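Everything on this sheet refers to the single structure shown next.
The values are calculated or read from the model by the stated rules, or taken from the named source; none is laboratory data. Predicted model, so just to flag it, every value in this text is computed and none were measured. Methodologically, a virtual Cβ is constructed for each residue, glycine included, from the backbone with ideal geometry; neighbour enumeration extends over all protein chains shown. What goes into the accessible areas is simple: the full protein's heavy atoms, side chains included, and nothing from ligands, DNA or RNA. Shrake-Rupley method; radii C 1.70, N 1.55, O 1.52, S 1.80 Å.
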Amino acid sequence: MLSPSRRKIPISPNTFMFKPLRDRHISILSPIKRNIPIPTDTSISTLYLSNTMEEVFKQKEPQIEEPFYFKAYLAEKVNSINQALDKAASFKEPQNFPEAMRYSLLAGRKCVCPVLCIAACELVGGEESVAMPTACTVEMIHAMSLTHDDLPCMDNDDLRRGKPMNHKVFGEAIAVLAGNALLALAFEHIANAIHGVSPTRIVCVIGELAKAIGSEWVVAGKVAGIQSSGLANVSLEHLEFIHVHKTAALLEGTIVIGAILGGGSDEQAEKLRKFARCIGLLFQVMDDILDVTKSSAELGKTVGKDVIVVAYS
């Protein structure tokens, strides 16, 4: 006969400690019933409880995720991005010209694209510091795009976020050159400021970003938009082409390069690409709605300029 110390104790498969919590309905209104069979023999009972408590203490406590506060996260990232942008654009020559560049780059930016770049990097396991240089690069490109978009030869807008556009402050020629300089600075910043990332991934980031803003995507969308101006009817498919290329493409490139920098896989990058395209379209649809439902004072820009007639087919 086995001694009490070596006797095997039968344990029911329904014993609480061996059943995952997620499989049980737990209510704060009633106590949890622990159906633990305890033998009547005192020495065996003591041994059983001792072993049971040892196992309980070995179990890992359930990880309780802290709530995510989007507004706080956004404010924190925007603050970090603005500091990094201010440092990246701290040049002095030629005289007065850097002021025009900084005016476009730092004039009340929302920093949506840079924040998304960092968020995508963090989502796949990367750090903010790894993505920050590229986040700044994206904002430089976005600032260039808006500076050129609002020129008299393009959209001919005077206001952006309640402030006069670059060409209204510094003149059209300087505004063009400031945009050009911001675009050049963007890729210079990628080449010089990224650390802790493999050269292969940096090349992928440069290629992804250059393609997103080039003739096949952002520029293609802008060209299609210009050519559609004044048309009596524009098909829904053509309108979607404009939105996907002109607006969603930069968001798409921004989020994908964040994932690349964070060490994400091809599969993760492609899933994020699809997500980015959807929110890019959503953003443009909302922008078009606000263009006809809000005033210039409310939006800080000229309204009613995006109205076109769409022929649903």
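In the stretch 78-94, the condition of being part of a helix (DSSP H, G or I) and under 24 Å from ARG277 (Cα atoms) is met by at least one residue.
Among the residues of the stretch 140-168, the ones that are touching an Asp or Glu at 6+ places or on another chain (Cβ under 7 Å), free of Cβ contacts under 8 Å to residues at least 60 places away in the same chain and open to solvent by 50 Å² or more (accessible area, probe 1.4 Å) come to 3 in all.
Quick one: which of ALA249, ALA220, ALA191, ALA259 is free of Cβ contacts under 8 Å to residues at least 60 places away in the same chain, crowded, with 19+ Cβ neighbours inside 10 Å and not in a loop (DSSP other than H, G, I, E, B)?
On the way: ALA220 fails: crowded, with 19+ Cβ neighbours inside 10 Å; ALA191 fails: crowded, with 19+ Cβ neighbours inside 10 Å; ALA259 fails: free of Cβ contacts under 8 Å to residues at least 60 places away in the same chain.
Testing whether each residue is free of Cβ contacts under 8 Å to residues at least 60 places away in the same chain, crowded, with 19+ Cβ neighbours inside 10 Å and not in a loop (DSSP other than H, G, I, E, B) leaves just ALA249.
Evaluation of VAL197 against the conditions (1) part of a loop (DSSP other than H, G, I, E, B); (2) β-branched (Val, Ile, Thr); (3) surrounded by fewer than 19 Cβ atoms within 10 Å (Cβ to Cβ) shows that the sole unmet condition is (3). Can we say VAL205 is more than 19 Å from ASP149 (Cα to Cα) and either under 20 Å from the mean Cα position of the chain (by Cα) or without any contact (Cβ under 8 Å) to a residue 24 or more places away in the chain (or both)? It is true that VAL205 is more than 19 Å from ASP149 (Cα to Cα) and either under 20 Å from the mean Cα position of the chain (by Cα) or without any contact (Cβ under 8 Å) to a residue 24 or more places away in the chain (or both).
Among the candidates GLU270, GLU237, which residue alone is in a helix (DSSP H, G or I) and over 26 Å from THR134 (Cβ atoms)? Show your work before the answer.
Values: GLU270 fails: over 26 Å from THR134 (Cβ atoms).
Criteria check complete, one pass: GLU237.
Can you tell me which of GLY280, GLY264 is among the small types (Gly, Ala, Ser), modelled with pLDDT under 95 and either open to solvent by less than 20 Å² (accessible area, probe 1.4 Å) or not in a helix (DSSP H, G or I) (or both)? Show your work before the answer.
Values: GLY264 fails: modelled with pLDDT under 95.
Residue meeting the stated conditions: GLY280.
Does the stretch 135-146 include one or more residues that are out of contact with any helix residue (DSSP H, G or I) (no Cβ under 7 Å at 6 or more places or on another chain), at pLDDT 95 or above and not polar (S, T, N, Q)? No, there is no match, as no residue in the stretch 135-146 is out of contact with any helix residue (DSSP H, G or I) (no Cβ under 7 Å at 6 or more places or on another chain), at pLDDT 95 or above and not polar (S, T, N, Q). For the stretch 95-130, a tally of residues being in a loop (DSSP other than H, G, I, E, B) and either out of contact with any Asp or Glu (no Cβ under 9 Å at 6 or more places or on another chain) or open to solvent by less than 10 Å² (accessible area, probe 1.4 Å) (or both) returns 10. Applying the set (1) over 22 Å from GLY280 (Cβ atoms); (2) over 23 Å from the mean Cα position of the chain (by Cα); (3) open to solvent by 20 Å² or more (accessible area, probe 1.4 Å) to ALA175 leaves exactly one unmet item: (3).
Among VAL256, VAL244, which is touching a Lys or Arg at 6+ places or on another chain (Cβ under 7 Å), within 22 Å of VAL124 (Cβ to Cβ) and among the β-branched types (Val, Ile, Thr)? Even if it seems obvious, please write down each step before you answer.
Working: VAL244 fails: within 22 Å of VAL124 (Cβ to Cβ).
When all the criteria are applied, what remains is VAL256.
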